[in-house]
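The values are calculated or read from the model by the stated rules, or taken from the named source; none is laboratory data. If you're wondering where the values come from, they're calculated on a predicted model, not measured in any experiment. Because the Cβ atoms are built from the backbone with ideal geometry, glycine has one as well, and the counts that use them run over all protein chains shown. Surface areas here come from the heavy atoms of the whole protein model, side chains and all, with no ligands, DNA or RNA. Shrake-Rupley method; radii C 1.70, N 1.55, O 1.52, S 1.80 Å.
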Amino acid sequence: KAKTPLKRFHVKCKDVVDQYWVLEWIPKVLKRGVLDIDLHIPSSRDYCENSSFYPLPSKIFESKTLVRLKIQFQDGVSIHVKRGVSLPKLKTLHLDYFRIDTGTFNKLLSGCHALEELVLVNLMWGDSSEPEACPVTVSIPTLKRLKFCRSEDFYEAEFHEYEDYDEENINEGVSLSFDNPNLVYLEYSDAIVDRFKQVSFESLVEANLRLRKTPDDQTETDKINVTKLLMGIRNVKILYLSNDTLEVLSCCRERIPIFDNLIELTIKTTPYVGWKSLPPLLKSCPSLETLVFEGLHHKYTNRCGDKDGCLCKYDDHWGAKMDVRTCLSSSPVKVLKILKFGETFDDDDGVDRDHDDYDDEDVESCDEVGGVVEEQIEHVKHFLETMPDLEQVILYYNTPKDEDVMKVFKKLQKLPGVASANCNVQIKAKNLSLSSTSTKRGTLL
């Protein structure tokens, strides 16, 4: 019945459908006081002409009843607001594949006074009627969770061959301000092209950074932007850094702020990104308790020979040992976890082999199938030999062969000494788990 109240309107299509048909239903369900709208429509570009970036009905931004709004149209939608925005009860706003100009973006958020979760994925800034794009402000006192992702795949893979693709739009940055005093979770993914005017997340508990460098050489402005973002999240307790973020951080190694509250750090690695940003980062985490490596891939660079230029155990060509790395010998870390231990790197993971660090350095990857486990064992040995406060080291070894686990376990047992007198080392595999504990003399039993 047309006048019957409607709580939920969910549409999830697996087959191709013209999204315009779905958009026509929205005003009808709004009239029935709908509380929850969730629309997921796959791409129809191969079947329908002019099927991309249909405008969302403006009535959707004047609903007095909506509590949750989730729009995922893989062909993209555009957002234009004729009048003001008033969504007094909206708590969750999730927009995926959408284009909006900066002025409309600010107007949209200003009308969401009760918003607690904001998810903006595959965001494309649209053309503005103003000569210059106005600064973007995300300042919502009630906001607790924020995901802000401008995915390169959305532009390059999906739209590069179509007229909607605008390379200038992708590479041109805007002025961004984030001031959300009650935010507890942040996921931020973008190339460093935007200019951060303000970044403040005073109550942040967990953050996930997936920064990407731009094709151009990094400028002083880029370094300032990265530093501003890091300063804005410095109160975080749990932090995840992608491999691309490690590469970006290399441009501002001397400007990494102190993360006094950080207790857990996860780092994703690839064999094409060096570790030179890790020493200053670890020295900036005085309260760090848990260090997690997602993969233990490493690229040797010229900085591996510097005292605190890397985390690896480095010997020069003449076999001379280098001084102990202070970033490890002074580390407060108690728990070290290695996820995906022993896994070879798959080129299909989306990493460009041509990616390099910011300095001109020799590229030499030891991540070949035959030697990957041996190399990673050496890294683990080095951590055990130099990190004095380790209490637990866990290797998650994805192998069905028990003999592989035994080989690694025996190699670690042969260590002549470990830095911590009370450290339990565990290897966890599919069918077998082994553990060993260091003695007072610093050897493993």
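Annotations for the structure displayed:
- Within the range 245-278, the set of residues being more than 16 Å from Ser189 (Cβ to Cβ) and in contact (Cβ under 8 Å) with a residue 40 or more places away in the chain comprises Ser250, Cys251, Thr270, Pro271, Tyr272, Val273, Gly274, Lys276, Leu278.
- Asn208 vs. criteria in contact (Cβ under 8 Å) with a residue 12 or more places away in the chain, assigned to a loop (DSSP other than H, G, I, E, B) and open to solvent by 10 Å² or more (accessible area, probe 1.4 Å): no
- Tyr314 within 19 Å of His382 (Cβ to Cβ), in contact (Cβ under 8 Å) with a residue 60 or more places away in the chain, open to solvent by 20 Å² or more (accessible area, probe 1.4 Å) and not hydrophobic (A, V, I, L, M, F, W, C): no
- Single unsatisfied condition, Lys64 versus (1) modelled with pLDDT of 90 or more; (2) open to solvent by 50 Å² or more (accessible area, probe 1.4 Å); (3) outside any loop (DSSP other than H, G, I, E, B): (3)
- Looking only at residues in the range 170-197 that are modelled with pLDDT under 90 and farther than 16 Å from Cys134 by Cα, the one that is surrounded by the most Cβ atoms within 10 Å (Cβ to Cβ) is Ile192.
- If you filter the range 174-205 down to residues that are of a type in the set (Val, Ile, Thr) and assigned to a loop (DSSP other than H, G, I, E, B), you find that the one that is nearest to the chain's Cα centre (by Cα) is Ile192.
- Of all the residues in the range 23-38, those that are surrounded by fewer than 15 Cβ atoms within 10 Å (Cβ to Cβ) and either of a type in the set (Gly, Ala, Ser) or touching a helix residue (DSSP H, G or I) at 6+ places or on another chain (Cβ under 6 Å) (or both) number 1.
- The set of residues in the range 306-326 being modelled with pLDDT of 80 or more, out of contact with any strand residue (DSSP E or B) (no Cβ under 9 Å at 6 or more places or on another chain) and under 20 Å from Glu374 (Cα atoms) consists of Leu311 alone.
- For the range 69-95, taking the residues that are assigned to a loop (DSSP other than H, G, I, E, B) and of a type in the set (D, E, K, R), the one that is surrounded by the most Cβ atoms within 10 Å (Cβ to Cβ) is identified as Lys91.
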